[in-house]
There are 2 protein chains.
Amino acid sequence: MRDVAIVGAGSTQFGRSQWSLLKLMCEASNEALGDASLGDRRIDAVYVANMGSVRNNRQAGLASALVDRLNVFPAAAETIENGPASGASAVKHGVQAVASGMCDLVLVCGGERMQEVNAFESTEFVSYLSHRYAEYVYGVTLPALAGLFARLYMERHGIRPEHLAMVAIKNHANGARNPRAHLQTPVTMEGILTGPDAFMNNPFIADPLRFFDCCPVSDGASAVLLAPAEMAGELARTPVRVAGIGQATDCQAVHERPDPAELPAVRLAAQRAFAMAGIEPSGVDVAELHDAFTILEIAESEEAGFFGRGEAAGALERGETRIDGRLPINPSGGLKARGHPVGNTGVSQIVELVRQLRGEAGNYQVPGDPRHGFALNFGGFGNNVLATVLERGV
Amino acid sequence: MRDVAIVGAGSTQFGRSQWSLLKLMCEASNEALGDASLGDRRIDAVYVANMGSVRNNRQAGLASALVDRLNVFPAAAETIENGPASGASAVKHGVQAVASGMCDLVLVCGGERMQEVNAFESTEFVSYLSHRYAEYVYGVTLPALAGLFARLYMERHGIRPEHLAMVAIKNHANGARNPRAHLQTPVTMEGILTGPDAFMNNPFIADPLRFFDCCPVSDGASAVLLAPAEMAGELARTPVRVAGIGQATDCQAVHERPDPAELPAVRLAAQRAFAMAGIEPSGVDVAELHDAFTILEIAESEEAGFFGRGEAAGALERGETRIDGRLPINPSGGLKARGHPVGNTGVSQIVELVRQLRGEAGNYQVPGDPRHGFALNFGGFGNNVLATVLERGV
């Protein structure tokens, strides 16, 4: 198996966009392609991560359409769908294509344009991820599942609403430093939880989760260019190696799991990624976790092994996961503030880590010359999870 | 790169099904898994080929749902979408996963349940494959594109309506011998073209294409189990090696192509697959081509190199592509009679070739102990095409 490196990365602004889905994806792709020193080399394949274009944008064969717009015929092209974890899945498929020797240069582009659907419809659309007969038909939504999970997890591990708010406050503060984040407005404990207007500013969505515990609905695209590690020196200023990938699925219906307050797929995906990379969680210098809901950042940081069970809340209190903390989590703002164009998100996380490992994250750069990055991309409600470990250099 | 073999294959009945999409896919998957001698070996990944479940079945994360139903946690899982070529694309992704060494056993399952959408809506849905701004917004449909292509191709190469009908008659005759085909009724030249009731039986859909020039709208699923060639001897009675895969994309809008009566992506995909397999088109013993419209079987058989340009019509007249001919094409009935559950079709083609190469195709077995099979899976209107060469033995 050949080692694989990231030799180019790019993304759009996140938020509500005037651009079409394809235009968003072209912009991110062109930035990633321009970021590498390709010369006259040809792209072998274009893998697209997207969840909803067939439904929301009336576009099938999105990857073929992107090849057309980028004018990179006769590159192979496919769309990879794994719900909100489509992005990490597409990167994994790109890595397998290069590792197998069947491709040298693979462009992976994640994109989603969510504004085609209104707020109600987007919740309905995302609920297609739930179990068709055990959840969906009873009106289960992802925020509802997250609310039930949060209640159980908080009760069991002594997590208070203040801890959820600390995640939001940290990630909004980070997003305010990231010029491409969807939400760039800092929030305060008083404003969203303890102050006189907090209830109006921050109403319940699915008790105990409030408005500021949920990520926004965003448009955006991100892209990375993958190459065999042995070519990376020529193609990139600072190549970043894909050191480990781990994936695990779990029982789809949350209530059927042996313990619905645990996320074994997160644990196993992380363990597998660390084993492949040959590092421990303590070796990670910067992490992007899947904080579609604030409770998830807390639970994932424990399941992935960064903190013992029940210890993430204390780490939040001590500021250990801030940009200048011991382990910066979501310095980009995460899904909470950078935004969550669903199928794109896993690619965004990788792009943000590449920026950090190259020292190119500007205002939100984590200090100390980070060498290892970790991304966790959470599909369904934790039933298909991918973890990726990146390492500066090849 | 490791050689990859097919060690199990299965499919459902095609047609209108009482079963849900997931049930169809479970049935095909269980047949493929049961077909191999797995013992206590675990599946590493499940790749699903599907085009429309997010829109038509309100189901995203279909691959995760299949893992759940098959109870093969914690196998990795993704859905691969490439329009009507999703099937061959998913097989290719499975081959890359095994070839890379990241997986040993990969189940690839293609499934589509089209009856959720009525006839008008299914044409609309499939037209999402056309160019969003240059075709779709003007009401272009896939039958319309095929009609325009047929007119040009027929005019240039002296193909008459009788030749199109010969494709339909041959494939209906083959389908009548395949117990899992959607359409099992033979048709005659008199019945569909020359007889007094022909116009009523076989009205124009998109002149010059008539009803019997178009494939039906089908439900169905198929699956193959992939393994490293070195494990195949233990796992399969008769392993079949994936000897070659070729893929090529082309300009999306048909009228923008230098010559809209040519299908260069078909040509290039076939050339690449033959080059990888180390054989010539003349080495193929049985082929499954993408006859969504009868004209496509004719054009593809020429572009893939089985016949010189303009020679397929003569070969049809001489019966060379019948089950007992020199090169049997679509002995399963093809899309025309076996059926066309869109995202599934490429996997079906591979499954049908596996049956032929193992000598297990029963009533529609091609004679002469075939060793090499060739599948062509056509995405969009020829803008993303995959060719696969299979070889008996490892």
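Listed values, structure above:
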{"item": "Filtered residue count, segment A:48-62, keeping only those that are in contact with a strand residue (DSSP E or B) (Cβ under 7 Å, 6 or more places away or on another chain) and within 13 Å of A:SER86 (Cα to Cα)", "result": "5"}
{"item": "Tally, over segment B:193-221, of residues that are under 29 Å from B:VAL347 (Cβ atoms) and either exposed (fewer than 14 other Cβ atoms within 10 Å of the Cβ) or among the hydrophobic types (A, V, I, L, M, F, W, C) (or both)", "result": "9"}
{"item": "Test: residue in segment B:212-225 that is in a helix (DSSP H, G or I) and within 19 Å of the chain's Cα centre (by Cα)", "result": "yes"}
{"item": "Scope segment B:89-108; condition closer than 14 Å to B:ALA232 by Cα, in a helix (DSSP H, G or I) and touching a Leu at 6+ places or on another chain (Cβ under 9 Å); matching residues", "result": "B:VAL95, B:VAL98"}
{"item": "Identity of the residue in segment B:251-307, under 26 Å from B:PHE204 (Cβ atoms) and acidic (Asp, Glu), that ends up nearest to the chain's Cα centre (by Cα)", "result": "B:ASP291"}
{"item": "Residue count, segment A:94-123 (criterion: at negative phi, at the interface with chain B (Cβ under 7 Å from one of its Cβ atoms) and surrounded by fewer than 24 Cβ atoms within 10 Å (Cβ to Cβ))", "result": "2"}
{"item": "Filter pass, B:LEU164 being within 14 Å of another protein chain (Cβ to nearest Cβ), under 20 Å from the mean Cα position of the chain (by Cα) and farther than 23 Å from B:ASP219 by Cα", "result": "no"}
{"item": "Residue among B:ALA28, B:ALA9 that is touching a residue at least 12 places away in the same chain (Cβ under 8 Å) and within 30 Å of B:SER127 (Cβ to Cβ)", "result": "B:ALA28"}
{"item": "Check on A:ALA315, free of Cβ contacts under 8 Å to residues at least 60 places away in the same chain, among the hydrophobic types (A, V, I, L, M, F, W, C), surrounded by fewer than 20 Cβ atoms within 10 Å (Cβ to Cβ) and not in a loop (DSSP other than H, G, I, E, B)", "result": "no"}
{"item": "Conditions (1) within 30 Å of B:ALA32 (Cα to Cα); (2) within 14 Å of chain A (Cβ to nearest Cβ); (3) of a type in the set (Asp, Glu): number failed by B:GLU230", "result": "(2)"}
{"item": "Residue check for B:PHE307: touching a helix residue (DSSP H, G or I) at 6+ places or on another chain (Cβ under 9 Å), aromatic (Phe, Trp, Tyr) and surrounded by 22 or more Cβ atoms within 10 Å (Cβ to Cβ)", "result": "no"}
{"item": "Subset tally (residues that are over 25 Å from B:VAL4 (Cα atoms) and either basic (Lys, Arg) or in a loop (DSSP other than H, G, I, E, B) (or both)) for segment B:332-367", "result": "7"}
{"item": "Residue selected from segment A:244-290 under the condition surrounded by fewer than 20 Cβ atoms within 10 Å (Cβ to Cβ) and of a type in the set (S, T, N, Q), by the criterion nearest to the other protein chains (Cβ to nearest Cβ)", "result": "A:GLN271"}
{"item": "Any hit, segment A:168-191, residues being among the hydroxyl-bearing types (Ser, Thr, Tyr) and modelled with pLDDT of 95 or more", "result": "yes"}
{"item": "Scan of segment A:31-47 for residues that are in a strand (DSSP E or B) and either at the interface with chain B (Cβ under 7 Å from one of its Cβ atoms) or more than 20 Å from the chain's Cα centre (by Cα) (or both), ordered by number", "result": "A:ALA45"}
{"item": "Residue satisfying condition, being buried (at least 22 other Cβ atoms within 10 Å of the Cβ), touching a Lys or Arg at 6+ places or on another chain (Cβ under 9 Å) and farther than 30 Å from B:ILE43 by Cα, within set A:THR238, A:THR294", "result": "A:THR294"}
{"item": "Selection count where residues are more than 7 Å from chain A (Cβ to nearest Cβ) and assigned to a strand (DSSP E or B), scope segment B:48-85", "result": "3"}
{"item": "Residues located in segment B:195-210, provided they are out of contact with any helix residue (DSSP H, G or I) (no Cβ under 7 Å at 6 or more places or on another chain) and touching a residue at least 12 places away in the same chain (Cβ under 8 Å)", "result": "B:ARG210"}
{"item": "Single condition A:ASP44 does not satisfy, out of (1) farther than 23 Å from A:GLY101 by Cβ; (2) touching an Asp or Glu at 6+ places or on another chain (Cβ under 8 Å)", "result": "(1)"}
{"item": "Pairs, first touching a residue at least 40 places away in the same chain (Cβ under 8 Å) and within 14 Å of another protein chain (Cβ to nearest Cβ) in segment B:359-387, second among the aromatic types (Phe, Trp, Tyr) and part of a strand (DSSP E or B), C-beta under 8 Å, six or more apart", "result": "B:VAL385/B:PHE378; B:ALA387/B:PHE374"}
{"item": "Any hit, segment A:139-151, residues being surrounded by fewer than 21 Cβ atoms within 10 Å (Cβ to Cβ), among the aromatic types (Phe, Trp, Tyr), at negative phi and more than 8 Å from chain B (Cβ to nearest Cβ)", "result": "no"}
{"item": "Segment B:172-211, residues that are among the aromatic types (Phe, Trp, Tyr) and not in a helix (DSSP H, G or I)", "result": "B:PHE204"}
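The values are calculated or read from the model by the stated rules, or taken from the named source; none is laboratory data. Here the structure is a predicted model, which is why all the values come from computation and not from measurement. Quick reminder, even Gly has a Cβ in these numbers, built from the backbone with ideal geometry, and neighbours come from all protein chains shown.
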